[in-house]
Amino acid sequence: MVIVDQWPLVRLGIGRSLPSLSYRILEEADGPVAARAAIRRRHPDLVVLGDHLGEDGSSLVAMAKSQGARVLALVDRPSRSQLAALAVAGADGIMTASLPAEELLGAVERIMGGERALSGDLVPALAGIVIHDPGPPPETGTLTAREREVLACLVRGARNEEIAAALFVSPATIKTHLSSIYAKLEVRSRQEATALALKLGLVHP
């Protein structure tokens, strides 16, 4: 992997948080120029981007993806526009920079297994943003209009009772809709449904 951040201690912390992975640190970079050179030279499987890259973060994501790497971006109080840029550029994971070491490890393991990783507290800000995915999307056209309304509420973080009140139905009806949504999207939980909805741009804020 290649780790990119302007602060040596941050790079050291990221590296030490991933001791059980079978990937080794090929190189560290302190900025965009050094990062691009390292990615081209090393052809890493994974690039971890720290939070001090500003507008260069999304361009680095796109460049790393073009070289065949998976990318995890760490963010600290990001704006919606920053999140959108990272997501559209193709980031495989976007996590808050303050996450515990075990969560960072779990996120990297999911990414390297071909999944997406997204901090739960970033979900509301990412609602409606289409995250690039070169693979074939699952069939989602069978969702009814009401199920899409429920899914949109779900992505915004609403509880079943809140969704029921907003749509003027009972909580039991919402549970039925959620069961149908999970089955059609082939997911098992609210978190998985939310992640897939965000990835495919199925809902809008």
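The values are calculated or read from the model by the stated rules, or taken from the named source; none is laboratory data. From a predicted model like this one, the values you see are computed outputs, not experimental measurements. In this analysis, Cβ positions are derived from the backbone assuming ideal geometry, glycine residues included, and neighbour counts consider all displayed protein chains.
Within segment 6-40, the only residue that satisfies the criterion of being surrounded by fewer than 12 Cβ atoms within 10 Å (Cβ to Cβ) and β-branched (V, I, T) is V33. Of all residues in segment 93-123, those being touching a residue at least 60 places away in the same chain (Cβ under 8 Å) and part of a helix (DSSP H, G or I) number 9. Could you please tell me which pairs satisfy a Cβ distance under 7 Å, a separation of 6+ or placement on different chains, a first residue in segment 57-69 that is among the polar types (S, T, N, Q), and a second residue that is modelled with pLDDT of 85 or more and surrounded by fewer than 23 Cβ atoms within 10 Å (Cβ to Cβ)? Note: pairs meeting the criteria are Q67/R40; Q67/H43. The listed residues are S58, S22, and the only one of them that is polar (S, T, N, Q), more than 19 Å from D121 (Cβ to Cβ) and touching a strand residue (DSSP E or B) at 6+ places or on another chain (Cβ under 9 Å) turns out to be S58. Of the residues examined, L72 is one that is within 22 Å of E102 (Cα to Cα) and either touching a Lys or Arg at 6+ places or on another chain (Cβ under 9 Å) or modelled with pLDDT of 90 or more (or both). Of all positions in segment 76-86, at least one carries a residue that is crowded, with 24+ Cβ neighbours inside 10 Å, modelled with pLDDT under 90 and of a type outside the set (S, T, N, Q).
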